[in-house]
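The values are calculated or read from the model by the stated rules, or taken from the named source; none is laboratory data. Nothing here was measured: the structure is a model prediction, and the numbers come from that model. Reconstructed Cβ throughout: ideal geometry from the backbone, glycine too, with neighbour counts over all protein chains shown. Surface areas here come from the heavy atoms of the whole protein model, side chains and all, with no ligands, DNA or RNA. Shrake-Rupley method; radii C 1.70, N 1.55, O 1.52, S 1.80 Å.
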Amino acid sequence: PVISILGDNFIDESLLKLLSNDGELKLIPEVVIEHIQTRGKFNIREDPDNFDYVYELSDIAILAGKKFKKKRNKANSVLKTLSDRLTTKKTSIIDIKTKIQLEKIIDKWARNSKQTDEELKLENKAIDNLFESASQLNLLVTIMAIDNEPVAFSINEILDSQYAICHFEKAIPVHEQIYTVIAKQAAQDLREMGCTYVNWEQDLGLAGLRKSKRA
């Protein structure tokens, strides 16, 4: 179990009480740290593995300007190579047909993944949990196919009028830049739903995830 805290009232007293029982707290949001009155009493350490990656959807969807030239070229290379064969669809419901399509991509992705068996097991468990809760969440699923065969997907949850969170994004290595394209398409779909920002969640200290999220 992980003990955390959220709020802005009686922070020092609350932290001392929790620490007396557990000794260490994790995943403490910045708003809590900002309201500590006596920081010298606490050993506060940043945890880069659990930093959130929050992006403006317009940046990912459009890839405009010099800053995004490399990503724009990557996306264009995919579209140039596969444009006639590439199709996308979006849905807010994970029905049986959609679940089968997603599972096909997940299975093929896992075969090419460099993750350990234990990491893949945990990943599959997390995805299964999402599928089980899908009907209770405000999801937007973007699926990309080549010759009608699913090759990539992005599963996002719309949290409110501005924010979305990307829970999973997977792709089969049909092209080395396929992730750039699925992320771009998902961002466009989320903007159409009125969202402004997307949280790509933590990298958990995994080198591959950190590289892709910071690229």
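Observations, loosely collected:
- Residue match in the stretch 187-200 (condition: open to solvent by 10 Å² or more (accessible area, probe 1.4 Å), farther than 17 Å from residue 87 by Cα and touching a Cys at 6+ places or on another chain (Cβ under 9 Å)): yes
- Evaluated against (1) touching a residue at least 24 places away in the same chain (Cβ under 8 Å); (2) surrounded by 14 or more Cβ atoms within 10 Å (Cβ to Cβ); (3) assigned to a loop (DSSP other than H, G, I, E, B), residue 8 falls short on exactly one condition, (2).
- Contacts under 7 angstrom Cβ, first residue in the stretch 48-71 being more than 30 Å from residue 31 (Cβ to Cβ), partner modelled with pLDDT under 85, 6 or more apart: 63/71
- Residue 181 at pLDDT 90 or above, assigned to a strand (DSSP E or B) and β-branched (Val, Ile, Thr): no
- Here residue 140 clears all of (1) at pLDDT 95 or above; (2) out of contact with any helix residue (DSSP H, G or I) (no Cβ under 7 Å at 6 or more places or on another chain); (3) open to solvent by less than 30 Å² (accessible area, probe 1.4 Å) except the condition numbered (2).
- Single residue of 17, 26 found to be in a helix (DSSP H, G or I) and among the basic types (Lys, Arg): 17
- Residues of the stretch 14-49 that are open to solvent by less than 60 Å² (accessible area, probe 1.4 Å) and in contact with a helix residue (DSSP H, G or I) (Cβ under 7 Å, 6 or more places away or on another chain): 25, 32, 36, 38, 42.
- Top-ranked residue in the stretch 31-49 [being part of a loop (DSSP other than H, G, I, E, B) and under 22 Å from the mean Cα position of the chain (by Cα); ranked as nearest to residue 179 (Cα to Cα)]: 47
- Restricting attention to the stretch 21-56, the residues being at pLDDT 80 or above, out of contact with any Gly (no Cβ under 9 Å at 6 or more places or on another chain), on the phi < 0 side of the Ramachandran plot and not acidic (Asp, Glu) number 17.
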